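Only one structure is covered here, and it is reproduced in the block below.
The values are calculated or read from the model by the stated rules, or taken from the named source; none is laboratory data. Since we're looking at a predicted model, the values are computed, not measured. In this analysis, Cβ positions are derived from the backbone assuming ideal geometry, glycine residues included, and neighbour counts consider all displayed protein chains. Please note that ligands, DNA and RNA were not included when accessible areas were found on the heavy atoms of the full protein model with its side chains. Shrake-Rupley method; radii C 1.70, N 1.55, O 1.52, S 1.80 Å.
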Amino acid sequence: MSISFYETTKTFHLCDQKISYIMTVLPNGHLGQLYFGKKVHQREDYPYLYETAVRPMTSYVFEDDCSLSLEHVRQEYGVYGTTDPRRPAVEILQPDGSRICDLQYKGHEIMRGKPPLAGLPATYTEQDDEAETLRVVLEDALTGVVVELLYTIFTQGGILARSARITNAGTGSVHLTTAMSLCMDLPDCDYEWLQFSGAWARERHLKVRKLEQGIQAVDSRRGHSSHEHNPFIVLKRPGTDECQGEAIGFSLVYSGNFLAQAEVDTHDTTRVLMGIHPMGFDWKLDAGESFQTPEAVMVYTDQGLNDMSQTFHRLYQKRLVRGSWRDRPRPILINNWEATYFDFTEDRLMEIAARARECGVELFVLDDGWFGARKNDHAGLGDWVADPKRLPRGITGLAERIEGLGMLFGLWIEPEMVNKDSDLYRAHPDWILATPGRRTSQGRHQYVLDFSRPEVVDCLYEMLAKILREAKVSYIKWDMNRSITECYSAALPPDRQGEVFHRYILGVYDLYERLHRDFPHVLFESCASGGGRFDPGLLYYAPQAWASDDSDAVERLKIQYGTSFCYPISSIGSHVSAVPNHQVFRHTPLHTRANVAYFGTFGYELDLNRMTKEELAQVKEQTAFMKEYREILQFGTFYRLESPFEGNITCWMTVSEDRKKAIVGWYRVLNHANMPFSRVRLQGLDLDLLYENLETKETFYGDELMNIGLITSDGMSGQVGENTDGYGDFDSRLYVFRAVRED
């Protein structure tokens, strides 16, 4: 890992054992992009990478000189209007109405480690030798605006983290209307675009298409990263698959409105932009004020999509997630929501918890309905005080009773929302986001609190901190059940209304940070009607997220498969729920529900008191299995083997760090008659180790399992959680392998 600068050629070279990233100062003083990809030798100059051409209908930077047009040169932080018509990385509205910006290189600094981003989540280092950071300073002389571009390259190979800090060092005010975290110009467009899209209950489905001339983009303008599109894209070469080939992953560490875009011009150059969505964004910078963009993370691989994903997993698991739960296996929980909804009493909750404890469950979570006048979703949000009719001794008393069973206690909250039928709204009707003179929309009969206002965040902090100080709460499920509409703050002047969306997210981060700091023992799980805010920004505060409100095991195959492209398995909230499933009304075998949920945090969304003795026996086996193997399931190296987006079979596996244990999950949606023999090639094993199938006691060398494959044909035994009723629809199997000796 190193960052080098060659003064004579004004060339930067950032490299580690896998990648090189090369930039240079262009003849007009702007910063140009020369190369990003597999590592190459360091040289003082790469003149052949700076290509120019005289083209008709092209404008040129210098008078009487047709050697430089920014339209045809790759740049690091492109600006519109100075011979470059492509979408810009930055746009600044100036007092005279102009948006032209001339960002000249002024200097740089190379530092060990990685500086934090004020008020924002970001990857981090624990030791300075884990990374190096380059800070490049650009300046627009006319306005005095200074742009500082940050590039961090990690010892862990293939990773580059980027962000920008924009400061108004002039004397007048300017308006920042575009401020991307990342601008990446690639020399060709021979890529396939991967995005992860869907809707409520079908989040992060993989979509693939070829890059073409024009703009391909995913975004959110909902005030949160959204169920519809995730702030993560991949560009891969057409021949790249899970096991081989080149790909670049782009991930935004942010939870609000975002844009991820690839613009291919008619000369087949590709510009990737990622950052806060410019639509509706207008940040006023008075003299001396600064704006920090969120962080974008790029991962390059030439060894296939699994390798790219594993790099993201390691980075986000160990250097984005923080706190006491970062490295700890997660407790097996039961949530009462699908068992009771709003209809519960304290004694009813205790019945569920007692049976769960008998079955090996470790954490009981009380979901919606415990506070204020919350009998349904029309009232109570904002009044975070226990309803004495349901909980006579409050949260403190219930938590003590749960802990008396030998279990941890957890609690559901939705602090960003309010019902009009609440004491909080009656006291502060101006605390919601609402545009004067316009209709105020509702979603789920609730309204969005104005988290851009510090007094609102302070109020919510005091209510929640009081509960956490007084009660033995070990887990918080933080929900968010509607998008932002009528985005207007009564506390900001007209010329700062374009800041509300971003200030709102900063307020969410502030509340998370204060609770995370003051109650470090609490395990936070983020939720937004399921997967509506499953993004890297929240992993900084909450090490796991509810992947989707759709808990059907078959639907979860695609949801969890797509999620795994960027996010570690330890972050995926996945539970066993009741049948018929409450979202799709499907009857799925209990063993399959567990076999899917094992590859995540694991828990139950049902009433165990309604299960048969045979089902309860299975639950006890499941919790015992998870306790034995959750370290490898949640923190092992994860491989995707067969995709639910390509066929009837899904297969994935996880391997321990020492490669001496492996667990394979195999899933079939629909059964068919007289099927061919089948096998799947495993990944990540030691070629020379002899592995035993713990069920059948058969042994195979690692090279056999990887090169010949694991036989998965019907009628084969040796799987954990085998369907004793015979093979049918929605079947699944787990195979557990353990190394018994070396060759």
- Within segment 545-554, considering residues that are outside any strand (DSSP E or B) and closer than 20 Å to Tyr341 by Cβ, the one farthest from the chain's Cα centre (by Cα): Asp552
- Query: If we scan segment 297-316, do we find a residue that is surrounded by fewer than 19 Cβ atoms within 10 Å (Cβ to Cβ), more than 15 Å from Ile233 (Cβ to Cβ), among the aliphatic types (A, V, I, L, M) and in contact (Cβ under 8 Å) with a residue 60 or more places away in the chain?
  - Reply: no
- Note on the structure: Selection from segment 239-259 of residues crowded, with 19+ Cβ neighbours inside 10 Å and free of Cβ contacts under 8 Å to residues at least 40 places away in the same chain yields Phe258
- All but one of (1) hydrophobic (A, V, I, L, M, F, W, C); (2) surrounded by fewer than 16 Cβ atoms within 10 Å (Cβ to Cβ); (3) within 14 Å of Gln292 (Cα to Cα) hold for Val146; which doesn't? (2)
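Hey, could you check segment 682-704 for residues that are assigned to a strand (DSSP E or B) and not hydroxyl-bearing (Ser, Thr, Tyr) and say which is most open to solvent (accessible area, probe 1.4 Å)? Lay out the reasoning, then the answer.
Looking only at segment 682-704, we keep the residues that are assigned to a strand (DSSP E or B), and these are 689-693, 699-701.
Pick out the ones that are also not hydroxyl-bearing (Ser, Thr, Tyr) and you get 689-690, 692-693, 700.
On the way: Leu689: 9, Leu690: 17, Glu692: 31, Asn693: 7, Phe700: 54 Å².
Ranking the candidates gives Phe700 first.
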- For Asp16, all conditions in the list (1) open to solvent by less than 10 Å² (accessible area, probe 1.4 Å); (2) within 24 Å of Leu273 (Cβ to Cβ) hold save one; what is the number of the exception? (2)
- Query: Looking at Leu273, is it surrounded by 21 or more Cβ atoms within 10 Å (Cβ to Cβ) and within 22 Å of the chain's Cα centre (by Cα)?
  - Reply: yes
- Just give me the residues in segment 659-681 being on the phi < 0 side of the Ramachandran plot, in a loop (DSSP other than H, G, I, E, B) and either open to solvent by 100 Å² or more (accessible area, probe 1.4 Å) or of a type in the set (Lys, Arg) (or both), in sequence order. Lys660, Met675, Phe677, Arg681
- Task: Being of a type in the set (Gly, Ala, Ser) and under 24 Å from Ser225 (Cβ atoms) is the filter; apply it to segment 560-600 and report the residue that is farthest from the chain's Cα centre (by Cα).
- Result: Ala597
- Task: Only residues that are under 16 Å from Gln195 (Cβ atoms) and in a loop (DSSP other than H, G, I, E, B): list them for segment 225-248, please.
- Result: Ser225, Ser226, His227, Glu228, Asn230, Pro231, Thr240
- Note on the structure: Being open to solvent by less than 50 Å² (accessible area, probe 1.4 Å), of a type in the set (Gly, Ala, Ser), touching a residue at least 40 places away in the same chain (Cβ under 8 Å) and on the phi < 0 side of the Ramachandran plot narrows Ser2, Ser69 down to just Ser2
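Can you pull out the helices (runs of 4 or more DSSP H) entirely within segment 452-544 that have at least 1 residues that are over 26 Å from the mean Cα position of the chain (by Cα)?
Counting at least 1 such residues, we get 454-470.
Select, from Ser571, Ser529, the only residue that is open to solvent by 10 Å² or more (accessible area, probe 1.4 Å) and of a type in the set (S, T, N, Q).
Details: Ser571 fails: open to solvent by 10 Å² or more (accessible area, probe 1.4 Å).
Criteria check complete, one pass: Ser529.
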- Message: Can you tell me how many residues within segment 555-595 are of a type in the set (A, V, I, L, M), part of a helix (DSSP H, G or I) and in contact with a helix residue (DSSP H, G or I) (Cβ under 8 Å, 6 or more places away or on another chain)?
- Response: 4
- Note on the structure: Only unsatisfied item for Tyr21, checking (1) among the aromatic types (Phe, Trp, Tyr); (2) over 31 Å from the mean Cα position of the chain (by Cα); (3) closer than 23 Å to Thr311 by Cβ, is (2)
- Message: Just the residues that are among the polar types (S, T, N, Q) and either closer than 13 Å to Glu76 by Cβ or touching a Pro at 6+ places or on another chain (Cβ under 9 Å) (or both), please, taken from segment 144-192.
- Response: Thr152, Ser163, Ser173, Thr177, Thr178, Ser181
- Query: Can you tell me which residue in segment 461-494 is surrounded by the fewest Cβ atoms within 10 Å (Cβ to Cβ), limited to those that are among the basic types (Lys, Arg) and within 21 Å of Val365 (Cα to Cα)?
  - Reply: Arg469
- Query: Taking segment 596-625 as the search range and keeping residues that are farther than 28 Å from Ser564 by Cα and part of a loop (DSSP other than H, G, I, E, B), which one is least open to solvent (accessible area, probe 1.4 Å)?
  - Reply: Asp607
- Could you tell me whether any residue of segment 468-485 is free of Cβ contacts under 8 Å to residues at least 40 places away in the same chain, more than 22 Å from Gly323 (Cβ to Cβ) and of a type outside the set (Val, Ile, Thr)? no
- Are any residues in segment 33-66 open to solvent by less than 50 Å² (accessible area, probe 1.4 Å) and of a type in the set (S, T, N, Q), and if so, which ones? Gln33, Thr58
- Consider Arg135 carefully, then state whether it is charged (D, E, K, R) and open to solvent by 40 Å² or more (accessible area, probe 1.4 Å). yes
- Message: Any residue at all in segment 172-187 that's open to solvent by 10 Å² or more (accessible area, probe 1.4 Å), in contact with a helix residue (DSSP H, G or I) (Cβ under 7 Å, 6 or more places away or on another chain) and not small (Gly, Ala, Ser)?
- Response: no
- Which number in (1) surrounded by fewer than 21 Cβ atoms within 10 Å (Cβ to Cβ); (2) under 30 Å from Ala169 (Cβ atoms) marks the one condition that His267 misses? (2)
- Of everything in segment 582-595 that's open to solvent by less than 50 Å² (accessible area, probe 1.4 Å) and among the β-branched types (Val, Ile, Thr), which residue is nearest to Asp552 (Cα to Cα)? Thr588
- Query: Regarding Leu93, is this residue buried (at least 20 other Cβ atoms within 10 Å of the Cβ) and hydrophobic (A, V, I, L, M, F, W, C)?
  - Reply: no
- Message: Being at pLDDT below 95 and either touching a strand residue (DSSP E or B) at 6+ places or on another chain (Cβ under 7 Å) or of a type in the set (Ser, Thr, Tyr) (or both) is true for just one of Gly702, Gly718, Gly726. Which residue is that?
- Response: Gly718
- Query: Val218 fails exactly one of the following numbered conditions: (1) of a type in the set (A, V, I, L, M, F, W, C); (2) free of Cβ contacts under 8 Å to residues at least 60 places away in the same chain; (3) buried (at least 20 other Cβ atoms within 10 Å of the Cβ); (4) assigned to a loop (DSSP other than H, G, I, E, B). What is the number of that condition?
  - Reply: (4)
- Message: Can you confirm whether Glu642 is charged (D, E, K, R), open to solvent by 10 Å² or more (accessible area, probe 1.4 Å) and on the phi < 0 side of the Ramachandran plot?
- Response: yes
